[in-house]
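> Below is one structure. I have some questions about it.
The values are calculated or read from the model by the stated rules, or taken from the named source; none is laboratory data. As the structure is a computational prediction, the values presented were derived from the model and not from experiment. No Cβ is skipped: glycine too gets one built from the backbone with ideal geometry, and neighbour counts run over all protein chains shown. The accessibility values were calculated without ligands, DNA or RNA, using every heavy atom of the protein model including side chains. Shrake-Rupley method; radii C 1.70, N 1.55, O 1.52, S 1.80 Å.
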Amino acid sequence: MGIRGKFFAVIAIIGVVLGGATYAILERSHNSLIEQEAVRVAEIVSTQVVSDRAVYTQELVGKLMKDGVGASENSGENKGYIPLPAQFVRNVSKRVAQQAKGLYSYSLVSLWNLNPEQGLNDEFDRWAWKQLEQQEQAFATGPAVATGYAWKPVYRFETKNGKSKLLYMMADPAAAAACVSCHNNYEKQADVMALRNGRGIAPGKTFTLNGLMGALRVEVPIDQVAALAAEGRDRTLGALAAIFVIGFALLLWLIHLAIIKPVEWSVLKVEGFTSKIDAVVLCNKDLVQAADEQATACRGAQNVLDAGDIVATTRSLASLASVANDNAMRAEDSAVYCNDLNESFDDLKTKLQEIVQGGKKASSLFGVGKDGRAE
Ligand code: HEC
C-alpha cells in the first residue's frame, strides 16, 4: 500500500471510530435526558392532579358541605351535590385524553377499586403496586407513620410496537379520615364485594389513615421526543462528518504539497545521481587509461632519445603532447561532472531541510513547482 493508501486507511479508521463514539455518546446522553424529562413531566402532572383534587375537596366540597350538601357519587340525581373528588379527577383526565393528543395521560387506580375500570389492568400496574405495598410495609414497621410525602414514585420505561413510553405510579394514600370511612363503607357493599370476589381479591378490605388506598398512574409517551432527538443527533453527526472530511482533505492536500511531492522529487533526484556517478566513474577510468598511455609514450620518447634518433624523438614528443592534452580535457570533463553532482547534492540537501522544517516559508509550501521544487 502506498503512502496515500495508508493515509486514507488511517483516516477512514479514525472517521469510523470517531463517528461511532460520537453516535454512542449522543445516543446515551439524549436517552438519559429524554428519560429525565419524561419523569419530570410525570412529576408535574401528578403534582397538578393531586393539587387540583385537594382544592376541589377542600374548597368546593368543603363549602358545599357547610351549605348542607356536598359531593355524591350520584351527583347528577342529587340537587346541590357535585361529583366526588375521584370522579372529578377522572372527568378531567378524560378531557386531557381528548385535548393533549398523546402528550400524556393519567388515571386513579387501585387494587381495591370502586370503579370497575380503575383496577390494576396491566403488568406494569401490578408490578408497581407491589412496590407501593412494600413501601407501605416499610412505613408500617418503621418509626415514621406513613405520610403522603414519604412515598416514592415507581416507574419504568417500556417499548411496545416500536413506541416508547414512561409508566409512572405514585401512591394515593388515605390522607384524611373521610377517605377511610367512605371507602371502608363501600367495601361492605354487596356489589363491591362481588367485584372483589370476581377478581380473586379478599373482600372486606379495611383502610387505615395514611395507608395505601390507590395510586395515580401517569403515562408519558417519549417516541416523539426520541424522534426529535434522533434528528438532532443525525444533524450533529452530519455536521461533524462534513468538518471531518473537509479538515482531512485540507490536511491531505498540505501533506501532499509539503511532504509527498518534495520526497518524490528527491527520489527522482537520487535516481539521477546514479547516472551522474556512473559518468564520473567512467571518466576516471578513462583518465587512468590515458595516464597509462602517457607513461608508455614517455617511455617511447626516452628510448628514441637514448638511441639518439632526433627525428623519432621529436615525433614522440609531439604525440606525448597530444596525449597530455587529451588527458587534461578528460580531467576537465571529470571536474564538470563532479561539480554537477555536488550542486545536485546541495539542491537535495536544501530540499530535505525544507521538508524537515515543515516548509519554513509559506511560499515554499504553496509555490511548489511542477517538479516539486519550491520556487
Ligand atoms: C364520599 C366517599 C369518598 C370519599 C370521601 C373518598 N372517596 Fe375515593 N372514591 C369514591 C368512589 C365512589 C370512587 C369511584 C369513583 C369513580 O367511579 O371514578 C372513588 C375512587 C377512588 C380512587 C380510584 C380507584 C377506584 O376506587 O375506582 C382512589 C385512588 C380513591 N378514590 C382514593 C381516595 C382518597 C385518597 C380519598 C381521600 C383523600 C378518597 N378517595 C375519598 C368514594 C370516596
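> Of all residues being open to solvent by 50 Å² or more (accessible area, probe 1.4 Å) and within 24 Å of the chain's Cα centre (by Cα) in segment 31-54, which is nearest to V92 (Cα to Cα)? Just the residue, please.
E37
> Shifting gears a bit: Against the definition (surrounded by 17 or more Cβ atoms within 10 Å (Cβ to Cβ) and assigned by TED's automatic domain parsing to the domain that holds R199), how does A86 come out, yes or no?
Yes: the conditions hold for A86.
> Examine segment 124-131 for a residue that is assigned to a loop (DSSP other than H, G, I, E, B), modelled with pLDDT of 95 or more, under 23 Å from V45 (Cα atoms) and within 12 Å of the ligand (Cβ to nearest atom), and state whether such a residue exists.
There is no residue in segment 124-131 that is assigned to a loop (DSSP other than H, G, I, E, B), modelled with pLDDT of 95 or more, under 23 Å from V45 (Cα atoms) and within 12 Å of the ligand (Cβ to nearest atom).
> Here's something else I'd like to know. At pLDDT 85 or above, surrounded by 14 or more Cβ atoms within 10 Å (Cβ to Cβ) and either touching an Asp or Glu at 6+ places or on another chain (Cβ under 8 Å) or on the phi < 0 side of the Ramachandran plot (or both): is that true of I222 in this structure?
Against the criterion (at pLDDT 85 or above, surrounded by 14 or more Cβ atoms within 10 Å (Cβ to Cβ) and either touching an Asp or Glu at 6+ places or on another chain (Cβ under 8 Å) or on the phi < 0 side of the Ramachandran plot (or both)), I222 qualifies.
> Turning to a different aspect of this structure: Can you give me the number of residues within segment 320-340 that are under 16 Å from Q289 (Cβ atoms) and of a type outside the set (V, I, T)?
Count: 12.
> So, A171, is that one touching a residue at least 24 places away in the same chain (Cβ under 8 Å), of a type outside the set (D, E), open to solvent by 40 Å² or more (accessible area, probe 1.4 Å) and near the ligand (Cβ under 10 Å from one of its atoms) or not?
no
> State yes or no: is D67 touching a residue at least 40 places away in the same chain (Cβ under 8 Å), acidic (D, E) and either open to solvent by less than 60 Å² (accessible area, probe 1.4 Å) or more than 8 Å from the ligand (Cβ to nearest atom) (or both)?
Taking the combined requirement at face value, the residue does not satisfy it.
> If you don't mind, another one. What's the total number of residues in segment 76-104 that are in contact (Cβ under 8 Å) with a residue 12 or more places away in the chain and within 13 Å of the ligand (Cβ to nearest atom)?
Total satisfying the criteria: 12.
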